[in-house]
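Q: I have a structure here, written as C-alpha cells, and I will follow up with some questions on it.
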C-alpha cells in the first residue's frame, strides 16, 4: 500500500511543458550573453591609458557609437583632426595632454625632431593600448557572464559547463571583433579638422598652425602616428600654403545678416566670391538690409542667384561690388561695362553667369524658378562656357544643374589646368574634382536663411588657396561648416595640386 501511495504521488507531480523549459533555457543563455556583452562594453568605454612620448603625454580611449575614425584632439588649443580609418562604429581617441617644453623650444629655434623615434613611440603606445583594451574587454565580459551563469544555475537552466562556455565564447567573439575592426587600417589621409568656438571657424586656424610647423619639420608621420602629429601636417614635397593668396567662397545668405561677421572674419580683408542668393526676393528692403555684405571682401565679387533680383544687382554695383553677368561686369545703370564676360579680379581671370531665373523688379520680384533648368538653359550655359573656357581661371554660376553639359565637354577636352567653378543653390557643401574642372559649393553661409530657421542647416563657407606663377593653379580648398546652435566647427582641407584618390 505504501508503494502504491508513492506511485500515486509521482503520477500527480506536475511537469513543466517542454516549450516552457526550452524558453527558460533560452532566456538564461540570453541573459548570460547580454551580461557578457555589457561587461565588455563597460570596459570599452571606461578604459583609458596615459602614455609618455618624447614629445609629450597622450591619453588613449575609445568612444563607441560614432562613425569609425581615428580622432586626434588637442585640448591645449581646442582643435583636432579626424581620419576615417576604422571599420568599427567607434572613435579611437588620441588626446595630446601635454607637450614637452624642451621639444617646443628646440623646434621653435630651428632644431631637429627625431621623427622616426616619435613615430615608433606613438605606434607602440597605440598598439599597447589596443592589446590591453582587448584583453580587458575579454576578461570583464567573460567574468560578468560567468557570474550570471552561476547566478541562474539550477532548475531548468542548462548545465553550468554550457552556460559558462557561452559566456567565454561570447567574450572571445567580442575580443576578436575588436581586434579585427578597431585598429586603423589602410592609408590615413584626408583629415577632417574640427574645433569648438562660437563664431570664427577656428578649425582653419588649426590648419594654418599645423602648416606653419612644417618649416622646421621635414616629413609627415604615417600610420597611427598621423593622428598625433598635426605638428607635421604636410610632407616636404607639398608647397606650403600660408604665404599663398586666398579667396573666401560663400553663397546663399538668404537675408541672414547675423552670419556676415563670420564671412568678414574668414575673409580677413581678402577677396570674397559670392555665388548667389544673397536675399530671398531681391526686394529694395532686402537689398538695403544686405548691402553691407560688400564690406566683407576686398573686393566683393557677386553673381546673382534665383533669389536675387536686378534691383539688388544694381544696388551692389553702386556700392562697389564686382557684379558679374554672362555679358560682363554690371555697371551702376544696369548695363555691362566690359566688352567681354571676363574681368580681372586680384590678378585672376573671372567670368560669371547670372542665374536665368533672377527676379525682376518689373514683375514685382515674383519667383521665376522652375525646379530644374530645362535643356535649352543648360545648352545656353554650355555655349557660353565654350566662349570663355580658354581665357578664364574661375567661373561663377549659382545653380550647379546648369553646368552638366559644360562639364562633360571640359572632361572630353580638358584645359591645361582644370577650371575652378564656384556654385551654390543646394545649401550642401561639396567639392568635386573632374578632369576638366574642380567644382566647389561652399554650402549656405546663412544657415539656410531667415526663412528656413526650422530646417536647422549648418553654416557653410570655404577658402581657396592658389598660386599665380607661372599661371593660376588652385592648391587647396578648406571646406568649413559651423553649427550655429553649438558653435562647433569642422573643416576639411582638400589638396587640389595632387592627384585625387582613385
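The values are calculated or read from the model by the stated rules, or taken from the named source; none is laboratory data. Quantities reported herein were computed from a predicted structural model and do not represent experimental measurements. Neighbour counts are summed over all protein chains in view; Cβ atoms, including those assigned to glycine, are modelled from backbone coordinates with ideal geometry.
Q: Among the listed residues 341, 304, identify the single one that is in contact with a strand residue (DSSP E or B) (Cβ under 8 Å, 6 or more places away or on another chain) and modelled with pLDDT under 95.
A: Just a single option satisfies the conditions, and that option is 341.
Q: Only strands (runs of 3 or more DSSP E) wholly contained in segment 253-358 count here; list those with 3 or more residues that are in the same structural domain as residue 402 (by TED's automatic domain parsing) and surrounded by 20 or more Cβ atoms within 10 Å (Cβ to Cβ).
A: 272-274, 300-302, 322-325, 348-353
Q: Exactly one of (1) more than 27 Å from residue 140 (Cα to Cα); (2) part of a loop (DSSP other than H, G, I, E, B); (3) at pLDDT 75 or above is unmet by residue 113. Its number?
A: Only one criterion is unmet by residue 113, namely (3).
Q: Next question. Modelled with pLDDT under 80, over 30 Å from residue 171 (Cβ atoms) and surrounded by 10 or more Cβ atoms within 10 Å (Cβ to Cβ): does that describe residue 16?
A: It is true that residue 16 is modelled with pLDDT under 80, over 30 Å from residue 171 (Cβ atoms) and surrounded by 10 or more Cβ atoms within 10 Å (Cβ to Cβ).
Q: Looking at segment 132-142, is at least one residue touching a helix residue (DSSP H, G or I) at 6+ places or on another chain (Cβ under 9 Å), modelled with pLDDT of 90 or more, surrounded by fewer than 16 Cβ atoms within 10 Å (Cβ to Cβ) and assigned by TED's automatic domain parsing to the domain that holds residue 168?
A: First, the residues of segment 132-142 that are touching a helix residue (DSSP H, G or I) at 6+ places or on another chain (Cβ under 9 Å): 133-142.
After this cut, where a residue has to be modelled with pLDDT of 90 or more as well, the list is 133-142.
Checking which are surrounded by fewer than 16 Cβ atoms within 10 Å (Cβ to Cβ) leaves us with 135, 139.
Subset that is assigned by TED's automatic domain parsing to the domain that holds residue 168: 135, 139.
Yes, the conditions are met somewhere in segment 132-142.
Q: It is to be established whether one or more residues within segment 477-498 are touching a strand residue (DSSP E or B) at 6+ places or on another chain (Cβ under 9 Å), modelled with pLDDT of 90 or more and under 24 Å from residue 392 (Cα atoms).
A: Yes, because at least one residue in segment 477-498 is touching a strand residue (DSSP E or B) at 6+ places or on another chain (Cβ under 9 Å), modelled with pLDDT of 90 or more and under 24 Å from residue 392 (Cα atoms).
Q: Residues in segment 442-459: is at least one closer than 25 Å to residue 307 by Cβ, outside any loop (DSSP other than H, G, I, E, B), touching a strand residue (DSSP E or B) at 6+ places or on another chain (Cβ under 7 Å) and modelled with pLDDT of 90 or more?
A: no
Q: Still on this model: Right, residue 72: part of a strand (DSSP E or B) and touching a helix residue (DSSP H, G or I) at 6+ places or on another chain (Cβ under 6 Å) or not?
A: yes
Q: Every residue in segment 146-166 that is touching a helix residue (DSSP H, G or I) at 6+ places or on another chain (Cβ under 7 Å) and within 20 Å of residue 23 (Cβ to Cβ), please.
A: 148, 149, 152, 153, 156, 157, 158, 160, 163, 166
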